[in-house]
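Shown next, in structure tokens, is the structure this report addresses.
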Amino acid sequence: MVKGRFITLEGIEGVGKTTHLAFIADYLEARQYPVLITREPGGTKAGEAVREILLHGKEIRIDAMTELLLMFAARAQHLQEVVIPALAEGKIVLCDRFTDASYAYQGGGRGIAQADIRILEQLVQQELQPNLTLLFDASVQTGLSRAKKRSEADRFESETIAFFERVRQTYLERSRNKPDRIKIINAEQTLPAVEQDIIRLMESFL
Ligand code: Z5A
């Protein structure tokens, strides 16, 4: 039985998901909420191994469908081993990316049909969906320039501007179709302004 709440953070690279995840965890813990922080792909030993192949195996050939299946393989393990047990214990699970990323990157970015992604979503998640998704939105130029300052480009970050534009537009389209769950936060703002928006959203969610 699901007692906790599942919050996911999404957006193109460099929009501040990792930064804001820590801020949200601090905000919740200061209010005595039990929090579990995790990420996708990853969050389990098997998932982190898959992540290593997906992000850093630049010399390994991975076709779009293989990439999608690996994302969902890691997700299946993550849900069973980490997310579902934590929700059953009443925790607030904060996850850096989830299935909206598969729609945005493998769907919008790589061109896999949304209907095919939906089949895997249904198979792996059944009825489970995030209760809240924060979509950090910034231009591709802003996101990539922030990401570049931080670390060497991984396999995704070496993609073209057009790829990231498609990813961003798919995220925005999903938020228009699911406005109750997916809330857009303007990530072009200064960090304190973004944090104020996060607090406003968290207050109305909790
Ligand atoms: N992927 C996929 O294709 N399909 C799937 O189903 C899933 C994932 C689940 C790994 O994701 C890759 O997996 C991802 C999609 C794919 N593609 N890539 N690459 P990831 O989340 O681990 O990697 P990422 O998107 O590259 O995250 P990131 O680079 O760590 O970015 P971020 O977490 O959004 O940003 P950040 O590290 O918090 O911030 C970047 C810098 O900007 C940092 O120095 C901050 O201090 C700074 N920053 C942040 N916000 C601001 C503001 N507002 N002003 C000024 N500076 C700021």
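The values are calculated or read from the model by the stated rules, or taken from the named source; none is laboratory data. Model, not experiment: these values are computed from the prediction. Because the Cβ atoms are built from the backbone with ideal geometry, glycine has one as well, and the counts that use them run over all protein chains shown.
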**Item:** Filtered residues of the stretch 139-160 (kept if under 10 Å from Glu13 (Cα atoms) and either among the acidic types (Asp, Glu) or in contact with a Pro (Cβ under 7 Å, 6 or more places away or on another chain) (or both))
**Value:** Glu157
**Complete:** Those helices (runs of 4 or more DSSP H) completely within the stretch 1-89 that have 3 or more residues that are in contact with a Ser or Thr (Cβ under 7 Å, 6 or more places away or on another chain) are 64-78
**Matching entry among Ala74, Ala86 (being within 13 Å of the ligand (Cβ to nearest atom) and either under 30 Å from Pro34 (Cα atoms) or among the β-branched types (Val, Ile, Thr) (or both))** = Ala74
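Looking for whichever is surrounded by 18 or more Cβ atoms within 10 Å (Cβ to Cβ), modelled with pLDDT of 95 or more and in contact with a Leu (Cβ under 7 Å, 6 or more places away or on another chain) here; the options are His78, His20. Which one fits? Can you show your working first?
On the way: His78 fails: in contact with a Leu (Cβ under 7 Å, 6 or more places away or on another chain).
Going through His78, His20 in turn, the sole match is His20.
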**Fill in**
How many residues of the stretch 123-168 are surrounded by fewer than 13 Cβ atoms within 10 Å (Cβ to Cβ) and more than 10 Å from the ligand (Cβ to nearest atom)? The answer is 8
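How many residues does the stretch 11-41 hold that are of a type in the set (Asp, Glu) and over 20 Å from Leu87 (Cα atoms)?
Step one: of the stretch 11-41, the residues of a type in the set (Asp, Glu) are 13, 26, 29, 40.
Adding the requirement that they be over 20 Å from Leu87 (Cα atoms) leaves 13.
Residues meeting the conditions: 1.
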**Prompt:** If the Cβ limit is 8 Å and pairs must be 6+ apart or interchain, which residue in the stretch 188-204 that is touching a residue at least 24 places away in the same chain (Cβ under 8 Å) and more than 7 Å from the ligand (Cβ to nearest atom) pairs with which residue that is in a helix (DSSP H, G or I) and not β-branched (Val, Ile, Thr)?
**Reply:** Glu195/His20; Glu195/Phe23; Ile198/His20; Ile198/Phe23; Ile198/Tyr27; Ile199/Tyr27; Met202/Tyr27; Met202/Leu28
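Residues are listed down the side, and each one gets a yes or a no for (1) touching a Leu at 6+ places or on another chain (Cβ under 8 Å); (2) of a type outside the set (Asp, Glu):
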site: Gly4; (1), (2): yes, yes
site: Gly14; (1), (2): yes, yes
site: Asp26; (1), (2): no, no
site: Ala49; (1), (2): no, yes
**Asked** near the ligand (Cβ under 10 Å from one of its atoms), surrounded by 13 or more Cβ atoms within 10 Å (Cβ to Cβ), assigned to a loop (DSSP other than H, G, I, E, B) and of a type in the set (A, V, I, L, M): does that describe Ala101?
**Response** no
**Complete:** Picked from the stretch 1-30 (must be aliphatic (A, V, I, L, M) and free of Cβ contacts under 8 Å to residues at least 60 places away in the same chain), the residue farthest from Phe98 (Cα to Cα) is Ala30
**Fill in**
Scanning the stretch 174-186 for residues that are surrounded by 16 or more Cβ atoms within 10 Å (Cβ to Cβ) and either acidic (Asp, Glu) or within 12 Å of the ligand (Cβ to nearest atom) (or both) gives Ile185
**Message:** Could you list, ordered by first residue, the pairs with Cβ atoms under 8 Å in which the first is in the stretch 134-155 and in contact (Cβ under 8 Å) with a residue 60 or more places away in the chain and of a type in the set (A, V, I, L, M, F, W, C) and the second is surrounded by fewer than 16 Cβ atoms within 10 Å (Cβ to Cβ) and in a strand (DSSP E or B), at least 6 apart or interchain?
**Reply:** Ala138/Asn186
